[in-house]
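The values are calculated or read from the model by the stated rules, or taken from the named source; none is laboratory data. All of these numbers come straight from a predicted model, not from anything done at the bench. Virtual Cβ from ideal backbone geometry, glycine too; neighbours counted across all protein chains shown. Surface areas here come from the heavy atoms of the whole protein model, side chains and all, with no ligands, DNA or RNA. Shrake-Rupley method; radii C 1.70, N 1.55, O 1.52, S 1.80 Å.
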Amino acid sequence: MMPSDRPAATADRPRRVAVLGSTGSIGRSTLEVIAASQGRFAVDLLCGHRSVGPLLDQAAANRPRWLVVTDAAAAADIGAAALPAGTRLAVGPERLAELVAGPEVDLVVSAIVGAAGLQSTWAAVAAGKTVALANKETLVMAGPLVMRLAAETGGQVLPVDSEHSAIHQALRSGRRDEVRRVVLTASGGPFRTHSRASLAAVTPAQALNHPTWSMGPKITIDSATMMNKALELIEARWLFDLQADQLGVVVHPQSVVHSLVEYLDGSVIAQLGPPDMKLPIQYALAYPERYAGPARRFDFTAAQQLSFEPPDTERFPAVRLGHEAAARGGTAGAVLNAANEEAVQAFLNGSLRFPQIAELCERAVAEHPFAADPSLEDILGLDAWARKEVRTWMHC
Ligand code: NAD
Ligand code: MG
């Protein structure tokens, strides 16, 4: 590599990255991006929940200072001899929150799935870190609080979610007061063309078979219900400080156009690429720099078609719930998110039918004691409330 190819700020040493959720889909792609970064980045901390075998393999390959296992029972299986020289073991979410805030960490990749990602993301933002955020649930639950905290500490929240990465990139084309609206693309998931009646009978295996993206099980089910787009609408509202009526969704089955920003003059700026999370991950890690990395490239020599259609909120009511929760703000996102996590788990276990996921979410949001300006404690309390209620309703 030519020395001039390296950004000046990192020319002296690699930026040290904490990868939270390293055994997951985003975590593994992040390690590929780091491995192909030609010394721009180095792994400082790896964190996984229970998959000790893959985590130890990752530790051997990356030699982090810290290996964090959040599940104490899983950590008990790790003998000292299993760790590479120079790597120490830490256990539990509290230790993780302490370590991500440490001075040795330059960048935090937040890729734990679900509400479990909030605590460590919060700790990183509170310590003024740059956070590459895949864990959209953090902003769905507590977007205004997290963004306010970042403004106070100087922490930076950069999106890894492909739609939000596209929006972040497209927003570099104009001034913020020139933006008319932001349109998130959605693949439509595996049931895009299914009738409403047939959705009642779909199985977890069918729902886990996503047409364009390879992802962890929870977000794959969220894509099938289109709850993923609901969560992303809320994420976009807080991340980019938009009004809810500036946000739209369009179904784009090829997952090549990752989202669009429409400016006041009618110009629409989009970001395109094959569906490969390595590109938004690299963009978040290297921002504001770009370099030739390992992500797949768009092939303009092959014939292909890009199509767009409006979402059908009759068959996919989650999209409507997302618009409503984005408009309402307050505690609506946290309750929607918690109800969804419980319902998705039940669907995956075979104890809930597919359309009931959105039904239970809608009921939880409708029945919860709404607060417009909640504290973090209020949010965590309502997260627990929604999970308990949804479990009760499922068994009635
Ligand atoms: P995944 O299921 O593949 O991986 C989840 C990771 O979180 C694993 O490392 C697991 O060990 C860890 N984890 C699970 N429960 C935990 C807990 N209680 N405490 C600590 N760690 C825990 O999920 P994924 O697909 O990589 O998604 C991760 C996050 O990124 C999600 O918030 C998802 O919405 C978001 N995201 C994913 C994609 C994608 O392409 N996979 C795209 C955009 C956003
Ligand atoms: Mg996305």
| field | Any hit, region 182-202, residues being over 19 Å from Val344 (Cβ atoms), more than 16 Å from ligand 2 (Cβ to nearest atom) and open to solvent by less than 30 Å² (accessible area, probe 1.4 Å) | value | no
| said: Please go through region 22-48 and give me each residue that is open to solvent by 10 Å² or more (accessible area, probe 1.4 Å) and within 16 Å of ligand 2 (Cβ to nearest atom), ordered by number. | reply: Gly24, Ser25, Ile26, Ser29
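Let's see how each residue does on (1) within 12 Å of the chain's Cα centre (by Cα); (2) among the charged types (D, E, K, R):
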| site | (1), (2) |
| --- | --- |
| Arg88 | no, yes |
| Leu99 | no, no |
| Pro103 | no, no |
| Asp161 | yes, yes |
| Ser165 | yes, no |
| message | Quick test for you: out of Ile357, Ile379, pick the one residue that is β-branched (Val, Ile, Thr), under 19 Å from Val202 (Cα atoms) and in a helix (DSSP H, G or I). | response | Ile357
| said: Can you pull out every residue in region 83-122 that is touching a strand residue (DSSP E or B) at 6+ places or on another chain (Cβ under 9 Å), assigned to a helix (DSSP H, G or I) and small (Gly, Ala, Ser)? | reply: Gly117, Ser120
| message | Quick check on region 158-181: of everything there that is open to solvent by less than 20 Å² (accessible area, probe 1.4 Å) and outside any helix (DSSP H, G or I), which residue is nearest to ligand 1 (Cβ to nearest atom)? | response | Asp161
| Do you know which residues across region 143-156 are touching a strand residue (DSSP E or B) at 6+ places or on another chain (Cβ under 9 Å) and open to solvent by 20 Å² or more (accessible area, probe 1.4 Å)? | Met147, Gln156
| note | Within region 32-46, residues being aliphatic (A, V, I, L, M) and either in a helix (DSSP H, G or I) or in contact (Cβ under 8 Å) with a residue 40 or more places away in the chain (or both) number 5
| said: For the list (1) crowded, with 18+ Cβ neighbours inside 10 Å; (2) free of Cβ contacts under 8 Å to residues at least 40 places away in the same chain; (3) more than 13 Å from ligand 1 (Cβ to nearest atom), I need the number of the one condition that Ala205 fails. | reply: (1)
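Residue check: is Glu137 under 22 Å from Asp71 (Cα atoms), among the acidic types (Asp, Glu) and either in contact with a Lys or Arg (Cβ under 6 Å, 6 or more places away or on another chain) or in contact (Cβ under 8 Å) with a residue 40 or more places away in the chain (or both)?
Taking the combined requirement at face value, the residue satisfies it.
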| message | Of everything in region 49-60, what is touching a residue at least 12 places away in the same chain (Cβ under 8 Å) and open to solvent by 10 Å² or more (accessible area, probe 1.4 Å)? Give them in sequence order. | response | His49, Arg50, Ser51, Val52, Pro54, Leu56, Gln58, Ala60
| said: Considering only residues that are over 20 Å from Ala124 (Cβ atoms) and among the charged types (D, E, K, R), which ones fall in region 37-70? | reply: Arg50, Asp57, Arg63
| Looking only at residues in region 126-142 that are open to solvent by 10 Å² or more (accessible area, probe 1.4 Å) and aliphatic (A, V, I, L, M), which one is nearest to ligand 2 (Cβ to nearest atom)? | Ala134
| request: Among the candidates Asp106, Asp77, Asp12, single out the residue that is charged (D, E, K, R) and modelled with pLDDT of 95 or more. | output: Asp106
| So, in region 93-125, of the ones that are among the small types (Gly, Ala, Ser) and either open to solvent by 10 Å² or more (accessible area, probe 1.4 Å) or away from ligand 1 (no atom under 12 Å from the Cβ) (or both), which residue ends up nearest to Arg387 (Cα to Cα)? | Ala115
| Out of all the residues in region 297-310, is one or more surrounded by 15 or more Cβ atoms within 10 Å (Cβ to Cβ) and touching a residue at least 24 places away in the same chain (Cβ under 8 Å)? | no
